[in-house]
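The structure under discussion appears below in the form of structure tokens.
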Amino acid sequence: MASFNLLLLPGDGVGPEVMAEVERLVDWFNRTGGARFEIERDLVGGSAYDAHGVAITEAAMARAMGADAVLFGAVGGPKWDRVDYDVRPEAGLLRLRKDLELFANLRPAICYGALADSSSLKRELVEGLDLMILRELTGGVYFGEPKEITDIGNNQKRAVDTQVYQTYEIERIARVGFDLAKARRNHVTSMEKRNVMKSGVLWHEVVDAVHKREYPEVELDHMLADAGGMQLVRNPKQFDVIVTDNLFGDMLSDVAAMLTGSLGMLPSASLGAPDDKTGRRKSLYEPVHGTAPDIAGKGIVNPIAMIASFGMALRYSFAMGQAADLVDRAISSVLDDGLRTGDIMSPGCREVGTEEMGRAIVEAMDRLSA
Ligand code: IPM
Ligand code: MN
């Protein structure tokens, strides 16, 4: 039986609560013999800062490097608002992305039929929605240098962030986008701001070149990122795969998330390049929602985004596509049964807490695989 080593980094806020529900699923696979998962755990974010004074320790980084996949909860919260910028909770996540070279961030936005009424858009606009935002994750303004605030006298300061992309960074993310599209509806929309940004001009040019040279059979459109945001809420079902840079991807994926009914529903996968020898990719899976400090510790957070992130790990890291489908079907089935956490609650449904939702999904796995 295939055996994999998972590193769990629950992090802060609701992170540990949603991660506990993933452990329930991991136990299910270990028990039913679908695969053998070995688990390691470590701290990241504010919890790592409280224990060690850094957002992630070298030991945890080494574990992440060695793991077959990292499962990540969420980091940050008001408690750490005043800590030094270099050791703020988010720095742990950014270091993992950068050092593991996780340049491709897949953020699917799927609207389950049962949830179409929780969306802020009309049912007919979102029902059946299935789009993939592919966000470049290791470049652009998140990491460009210089990145600094300098004192320029006269009571004035000057802040700089640098938006920078090189050809190879755009090529490799474009290829991931075209490959994803080929297994879906064969349509890529690339978004940038070439009307104002040089990095947008290059982005557009390089995506076009990769398309002509390597993927002429895939349909490719370009949209300015602001217009793309507008189209996402006007007519989201026109999209299949959206490929965009780090900052636009951050914003557009939050917009897309709300189309599905709740931020509590959105999983994500962050992937590196396949290793030349083993073909194995470094990878990290995390829900798109954050730490939700207002509801942390109450046992009411929606664990579906985290559970679906584990589903993505099955699909993209462990080549267990059927098991991943089973997880998705189990989620659909509990929603069809009318179970809801508070964030997606609607009239006539039954409101449940985090654990009950997790247990119901595992029971649905039993039922659907019997
Ligand atoms: C995300 C988050 C992160 C980001 C933060 C926590 C650094 O918003 O994953 O979308 O901006 O990338
Ligand atoms: Mn974000």
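The values are calculated or read from the model by the stated rules, or taken from the named source; none is laboratory data. Owing to the predicted nature of the structure, the values given are computational and were not obtained by experimental measurement. Glycine also receives a Cβ, built like all others from the backbone with ideal geometry; neighbour counts cover every protein chain displayed.
For region 285-337, which residues satisfy the criterion of being more than 14 Å from V22 (Cα to Cα), in contact with an Asp or Glu (Cβ under 8 Å, 6 or more places away or on another chain) and hydrophobic (A, V, I, L, M, F, W, C)?
V288, A296, F318
If you take the residues of region 136-169 that are surrounded by 14 or more Cβ atoms within 10 Å (Cβ to Cβ) and among the aliphatic types (A, V, I, L, M), which of them is farthest from S262 (Cα to Cα)?
Once the filter is applied, the top-ranked residue is V164.
Quick test for you: out of R97, R135, R123, pick the one residue that is modelled with pLDDT of 95 or more and more than 21 Å from K193 (Cα to Cα).
Numbers: R135 fails: more than 21 Å from K193 (Cα to Cα); R123 fails: modelled with pLDDT of 95 or more.
Just a single option satisfies the conditions, and that option is R97.
Among the residues of region 95-104, write down those that are within 12 Å of ligand 1 (Cβ to nearest atom) and either in a strand (DSSP E or B) or out of contact with any Phe, Trp or Tyr (no Cβ under 7 Å at 6 or more places or on another chain) (or both).
Selection gives R95, L96, R97, L102.
Yes/no per residue for (1) β-branched (V, I, T); (2) surrounded by 24 or more Cβ atoms within 10 Å (Cβ to Cβ); (3) over 17 Å from L8 (Cα atoms):
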| site | (1), (2), (3) |
| --- | --- |
| Y285 | no, yes, no |
| D294 | no, no, yes |
| I300 | yes, no, yes |
| I304 | yes, yes, no |
| L314 | no, yes, no |
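Name, by its number, the condition in (1) of a type in the set (A, V, I, L, M, F, W, C); (2) within 14 Å of the chain's Cα centre (by Cα); (3) surrounded by fewer than 20 Cβ atoms within 10 Å (Cβ to Cβ); (4) within 30 Å of Q238 (Cα to Cα) that does not hold for A109.
Exception for A109: condition (3).
Give the residue, chosen from I173, I133, that is buried (at least 16 other Cβ atoms within 10 Å of the Cβ) and not in a strand (DSSP E or B). It would help to see each step written out before you state the result.
On the way: I133 fails: not in a strand (DSSP E or B).
Just one listed residue meets the conditions, I173.
Could you list all residues from region 240-264 that are more than 10 Å from ligand 1 (Cβ to nearest atom) and in contact with an Asp or Glu (Cβ under 9 Å, 6 or more places away or on another chain)? Explain how you work it out, then say what you get.
Initial filter on region 240-264 (more than 10 Å from ligand 1 (Cβ to nearest atom)): 240-245, 248, 252, 255-256, 258-264.
Across region 240-264, the qualifying residues are D240, V243, T244, D245, F248, G261, S262, L263, G264.
Let me spell it out: the conditions are (1) more than 16 Å from ligand 1 (Cβ to nearest atom); (2) in contact with a helix residue (DSSP H, G or I) (Cβ under 7 Å, 6 or more places away or on another chain), and A209 meets all of them except one. Which number is the exception?
(2)
What number goes with the only condition from (1) touching a residue at least 24 places away in the same chain (Cβ under 8 Å); (2) out of contact with any Ser or Thr (no Cβ under 6 Å at 6 or more places or on another chain); (3) not assigned by TED's automatic domain parsing to the domain that holds A62 that H289 does not pass?
For H289, the failing item is (3).
Pick from R41, R107, R63, R24: which is at pLDDT 95 or above and within 16 Å of ligand 1 (Cβ to nearest atom)?
On the way: R41 fails: within 16 Å of ligand 1 (Cβ to nearest atom); R63 fails: within 16 Å of ligand 1 (Cβ to nearest atom); R24 fails: within 16 Å of ligand 1 (Cβ to nearest atom).
When all the criteria are applied, what remains is R107.
One line per residue, one yes/no per condition, for (1) under 13 Å from D12 (Cα atoms); (2) out of contact with any Asp or Glu (no Cβ under 8 Å at 6 or more places or on another chain):
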site: G46; (1), (2): yes, no
site: Y49; (1), (2): yes, yes
site: A74; (1), (2): yes, no
site: V87; (1), (2): no, yes
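State yes or no: is L339 crowded, with 18+ Cβ neighbours inside 10 Å and under 26 Å from V44 (Cα atoms)? Reasoning before the result, please.
Details: crowded, with 18+ Cβ neighbours inside 10 Å: yes; under 26 Å from V44 (Cα atoms): no.
Answer is no for this residue.
Contact list please: Cβ distance under 8 Å, first residue in region 42-63 and more than 17 Å from G77 (Cα to Cα), second residue part of a loop (DSSP other than H, G, I, E, B) and among the charged types (D, E, K, R), pairs at least six apart or on different chains.
Going by the 8 Å Cβ cut-off, the qualifying pairs are T57/D42; A59/D42; A60/D42; R63/D42.
Determine whether region 8-18 contains at least one residue that is more than 19 Å from the chain's Cα centre (by Cα), at pLDDT 95 or above, crowded, with 17+ Cβ neighbours inside 10 Å and assigned by TED's automatic domain parsing to the domain that holds Y285. Spell out the reasoning first.
Going through region 8-18, the residues more than 19 Å from the chain's Cα centre (by Cα) turn out to be none.
Looking through region 8-18, none of the residues is more than 19 Å from the chain's Cα centre (by Cα), at pLDDT 95 or above, crowded, with 17+ Cβ neighbours inside 10 Å and assigned by TED's automatic domain parsing to the domain that holds Y285.
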